[in-house]
Amino acid sequence: MITQKLYEADGSLREFVAKVISCAPARKGAPQDAAYEIILDQTAFFPEGGGQYADSGNLGNACVVDVQELDGEIIHFTDVPLPEGESVMGLLNWEERLRKMQNHTGEHLISGIVHKQFGYDNVGFHLGKDEVTVDFSGILTDAELSFVEYIANRVVALDIPVTAYYPTPEEACELEYRSKLDIVDGLRIVNIGEWDCCACCAPHVASTGQIGCIKILDSENWKNGVRVRMLCGLDALDDYNKRLENTVCISTMLSAKQHETAAAVERLLRNLQNEHTIQMKLKAALLEARIAQLQPTEGNLILFDDLLDPDTLRKLVNAGTPLCGGICGVFSGNDQDGYRYIIGSTKGGLRAAAKEYNAALQGRGGGSDQMIQGTMMATKEQIEAYFA
């Protein structure tokens with residue numbers, strides 16, 4: 001039996017009554033949480049397809065966790081069984097369905113405008129739970145995408161009817177419509193006035209006004225074309241609110257007006273770069289002063305420094321190593337959190353010695369025979385006593 005697809009006639013249908021034709025244990029490889037698969041005489045649940053994931057909701061006391069069209073049958077995967085032959089109330093997760101219809105119809109409008117204005121085809125579409133991506137066969141600049149977005153939102157404001165129908169073979173021959181596939185049987189056309197005519201099996205809103213805001217978020221070059229990320233309606237509102245929340249936080253931290261945060265961040269980065277330049281000059285001067293203070297010794301040269309970074313500490317080790325008869329070790333840190341170390345020697349043998357040092361001073365690390373580095377959890381007093 002072929003299930004009647006109620007969603008094709010009315011995408012706004014939220015609940016319906018249907019007869020359970022069959023109920024069987026879920027097949028191997030069924031979706032997670034799916035224990036049974038149910039076939040109805042009619043359904044408003046849209047199965048996964050056309051780049052869009054399946055509807056969810058309830059059939060009586062059963063949760064519909066997935067819907068798939070397999071071997072010509074629409075299978076409702078549920079968590080509990082339903083009696084065959086009985087009627088059951090179907091209830092869609094309407095918020096989810098509405099958001100999908102807003103995004104899918106918005107994508108039709110964007111794709112139709114791109115095709116009409118630039119001649120590019122929609123060669124890929126994915127409607128996920130977190131984002132919508134559309135792939136076009138040609139490159140679109142940011143300015144061109146802004147133009148497309150503006151036109152699309154103007155069409156939303158016009159509240160143009162969105163219609164879906166099955167044309168006759170004769171009508172289909174005369175139609176100019178977008179399609180990624182060569183459809184012979186079961187061609188369903190979704191039409192948005194003069195703006196788009198596309199083959200599609202999914203439910204859509206009844207008019208463009210129900211799409212709500214259409215927002216293109218970003219784009220990237222993709223397989224000789226462009227991939228566009230976009231959101232519509234309630235999803236676009238959620239995304240805007242998240243972005244606004246972040247902007248408000250940044251605005252507060254920088255003591256800048258919300259629409260001036262980018263300029264404020266740019267000033268902050270310039271200041272940080274200037275501070276970094278000054279810091280590097282100070283570190284270089286400090287390194288020179290530390291090197292000037294080094295005194296030759298026949299034993300080990302052990303130094304502690306919390307101001308120099310690892311690269312500068314390595315330079316200090318390189319300068320101190322020729323001045324000592326043993327090893328030159330520089331340690332940075334504190335007794336509570338431990339110390340980072342760099343140890344050098346002109347006599348070599350440090351690769352083997354590292355195991356001894358680490359075992360005695362709760363350390364980890366290694367390197368070459370001339371230089372090793374790592375961390376130690378011993379105290380300053382213990383380190384100085386060990387290398388004395």
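Taking each pair of different alpha-carbon atoms in the stretch 112-160 once, compute 1/r for the pair, average those values, and report the inverse of that mean as the Kirkwood hydrodynamic radius in Å to one decimal. The answer is 11.9 Å. Between the alpha-carbon centres of the stretch 71-131 and the stretch 248-286 there is a gap of 46 Å.
Pairs Lys129/Lys242; Lys315/Lys347; Lys283/Lys347; Lys28/Lys223; Lys28/Lys129; Lys116/Lys242: which are spaced more than 27 Å apart, C-alpha to C-alpha? Each step should come with its number before you reach the end.
Numbers: Lys129/Lys242 16 Å; Lys315/Lys347 18 Å; Lys283/Lys347 29 Å; Lys28/Lys223 36 Å; Lys28/Lys129 25 Å; Lys116/Lys242 33 Å.
Result: Lys283/Lys347; Lys28/Lys223; Lys116/Lys242 exceed 27 Å.
Taking only protein heavy atoms and a 1.4 Å probe, what accessible area per residue, in Å², does the stretch 191-238 have with all protein chains in place?
That works out to 42 Å² per residue.
The Cβ shell under 11 Å around Gly85 holds other residues with a net charge of -2, Lys and Arg each +1, Asp and Glu each -1. Packing order of peptides 159-166, 91-98, 170-177, highest average first: 91-98, 159-166, 170-177 (average count of other Cβ atoms within 10 Å over each peptide's residues). Overall, the accessible surface of the stretch 316-388 at a probe of 1.4 angstrom is composed of carbon and sulfur to the extent of 47 percent. For the stretch 205-265, which trypsin sites (Lys or Arg not before Pro) are both in a DSSP coil and crowded by at most 15 other Cβ atoms within 10 Å? Passing both the DSSP loop test and the Cβ count: Lys223, Lys257. A cut-off under 10 angstrom between Cβ atoms defines the neighbours of Asp33, and their net charge, with Lys, Arg +1 and Asp, Glu -1, is -2. Only one of [x] 1.21; [y] 1.16; [z] 1.60 was calculated from the structure for Cα Rg over 2.2 N^0.38 Å, and its label is [z]. Under 10 Å, Cα contacts only: if you run a Gaussian network model on the chain, which one of His259, His104, His204 comes out with the highest mean-square fluctuation? Ranking His259, His104, His204 by mean-square fluctuation puts His259 first.
Which of rounded, prolate or oblate describes the stretch 124-247 when judged by the alpha-carbon gyration tensor and an a/c cut-off of 1.5?
prolate
The lysines within cross-link reach of Lys5, meaning a Cα-to-Cα straight distance under 17 Å and a gap of 8 or more places when in the same chain, are Lys19. Over the chain, Cα pairs under 8 Å with separation of 6+ residues give a relative contact order of 10 percent. Excluding ligands, DNA and RNA, the accessible surface per residue across the stretch 31-169 is 43 Å² with a 1.4 Å probe. Only the Cβ atoms of Lys and Arg (+1) and of Asp and Glu (-1) were treated as charged; on that basis the dipole of the stretch 262-388 about its Cα centre amounts to roughly 340 debye.
Residues whose amide H lies under 5 Å from that of Ser56, counting only those 5 or more places away or on a different chain, are Asn93; hydrogens are built 1.01 Å from N in the peptide plane. Can you classify the stretch 1-44 as rounded, prolate or oblate using the Cα gyration tensor, where a ≥ b ≥ c are the square roots of its eigenvalues, rounded means a/c under 1.5, and otherwise it's prolate if a/b beats b/c and oblate if not? Note, shape of the stretch 1-44 comes out prolate. Between Tyr386 and Ala172, the simple label model (points 7 Å from Cα in the Cβ direction) yields a spacing of 8.0 nm.
Per-residue ellipticity at 222 nm computed for the chain from its helices equals -11500 deg cm²/dmol, with DSSP H segments shorter than 4 residues left out and the rest contributing -39,500 (n - 2.57). The alpha-carbon positions of the stretch 218-259 define a convex hull whose volume is 92 Å³ per residue.
Here the Karplus relation 6.51 cos²θ - 1.76 cosθ + 1.60, evaluated at θ = phi - 60°, turns the backbone of the stretch 15-30 into coupling constants of 9, 7, 10, 9, 9, 7, 7, 8, 9, 9, x, 5, 5, 4, x, 5 Hz, with x for every Gly and Pro.
Centre-to-centre, using Cα atoms only, the stretch 17-33 and the stretch 314-388 are separated by 66 Å.
Taking the chain as a Gaussian network of alpha-carbon nodes connected by springs under 10 Å, the highest mean-square fluctuation of the residues Leu350, Leu234, Leu145 belongs to Leu350.
Residue-wise HN-Hα couplings along the stretch 94-99, as the Karplus relation 6.51 cos²θ - 1.76 cosθ + 1.60 with θ = phi - 60° gives them from phi, are 5, 4, 5, 4, 4, 4 Hz; Gly and Pro carry x.
The fraction of accessible area contributed by carbon and sulfur in the stretch 67-172 is 53 percent, rounded to a whole number (1.4 Å probe; ligands and nucleic acids excluded).
So if I place +1 on the C-beta of Lys and Arg and -1 on the C-beta of Asp and Glu, and nothing else carries charge, what would the dipole magnitude of the chain be about its Cα centre? I want it in debye, nearest 20. Walk me through the intermediate numbers first.
Values: 34 positive and 55 negative charges, 410 e Å.
In total the dipole reaches around 1980 debye.
The values are calculated or read from the model by the stated rules, or taken from the named source; none is laboratory data. Computed from a predicted structure; not experimentally measured. Cβ coordinates were reconstructed from backbone atoms using ideal geometry, including for glycine residues, and neighbour counts include every protein chain displayed. Side chains are part of the model used for accessible areas, which takes the heavy atoms of the whole protein and leaves out ligands, DNA and RNA. Shrake-Rupley method; radii C 1.70, N 1.55, O 1.52, S 1.80 Å.
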